[in-house]
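Notes follow the structure.
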Amino acid sequence: MTPCRELYAPPDLLEANGAWKANCGPSALAAVLGVPLRLVRAAFPSFPAKPWTTPTNMASALAAQGLHHRVQQGMPRGDVHGVAFLQIRGTWDSAPERAQYRHTHWVGLHRDGGVLSVYDCNAGSAGGWLPAEEWKAQVLAELLARHRGASGKWAVRVVLEVLSR
């Protein structure tokens, strides 16, 4: 894997996962904000009892950090710095939305005039940023393979682009 070294990967992912079940949602937000997971912990009050993050939860987490954001359906074409809520496609596609949420995943996104980079907590032993094509071929492919009934397809449901503090 070729990490994108200029972007921040929270060094406390494994510790936070053990302590409060931090996973893809909180880690993607921490990576995008450039802070350790311990600094976003309070923005995820349902963890560890309910360790999942809906788009509404993520918008609340951004607000709790004092951040303004823009919600975009699908993948933005231009520059972007934010978190993306991915939907894994499969036999559950016609199920109610709540059932489909069991097959979702959060990643961080960064593109500034060039290559799109993706932060994924599953990249390497403690998560990291990768060029999008490398992330798709390695990390996403493994993620799709772990979902029984998956079609091998996926989509960006929504992107919450961080605008400012």
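Taking the three principal axes of the alpha carbon atoms in region 28-126, the coordinate ranges are 36, 33, 31 Å, sorted in descending order.
Loop-resident trypsin sites (Lys or Arg not before Pro) (DSSP state other than H, G, I, E or B) in region 25-78 with no more than 15 further Cβ atoms inside 10 Å of their Cβ: ARG77. Residues whose amide H lies under 5 Å from that of TRP154, counting only those 5 or more places away or on a different chain, are ARG89; hydrogens are built 1.01 Å from N in the peptide plane.
Once Cα extents along the principal axes in Å is calculated for the structure shown, the corresponding label among (1) 53, 33, 24; (2) 94, 35, 31; (3) 39, 38, 31 turns out to be (3).
The amide H of HIS69, built 1.01 Å from its N in the peptide plane, has LEU163 as neighbours under 5 Å, considering only residues 5 or more places off or on other chains. Residue-wise HN-Hα couplings along region 56-64, as the Karplus relation 6.51 cos²θ - 1.76 cosθ + 1.60 with θ = phi - 60° gives them from phi, are 5, 4, 5, 4, 5, 5, 5, 4, 5 Hz; Gly and Pro carry x. Taking θ as phi - 60° and the Karplus parameters 6.51, -1.76 and 1.60, the scalar couplings of region 143-156 work out to 4, 4, 5, 7, 9, 4, x, 5, 8, x, 10, 7, 8, 7 Hz in sequence order, x denoting glycine and proline.
Taking amide H positions as modeled 1.01 Å from N, with prolines and chain starts lacking one, the residues under 5 Å from ALA22 and 5 or more places away or on another chain are ASN17. Our coupling estimate for region 22-32, obtained by passing each phi through the Karplus curve with A = 6.51, B = -1.76, C = 1.60 and θ = phi - 60°, is 4, 9, 4, x, x, 5, 5, 5, 4, 5, 5 Hz, Gly and Pro reported as x.
Please give the net charge around ALA155, taking every other residue with its beta carbon less than 14 angstrom from that of ALA155, where Lys and Arg add +1 and Asp and Glu add -1. Neighbourhood net charge equals +2. Mean residue ellipticity at 222 nm, helices only, the chain: -6000 deg cm²/dmol; runs of at least 4 DSSP H residues each add -39,500 (n - 2.57), and the sum is divided by the number of residues.
Sorted fewest first by neighbouring Cβ atoms within 10 angstrom, VAL32, VAL139 come out as VAL139, VAL32.
Coordinate-derived values only; no laboratory data. In this text, all values refer to a predicted model and were calculated from it rather than measured experimentally. Cβ coordinates were reconstructed from backbone atoms using ideal geometry, including for glycine residues, and neighbour counts include every protein chain displayed.
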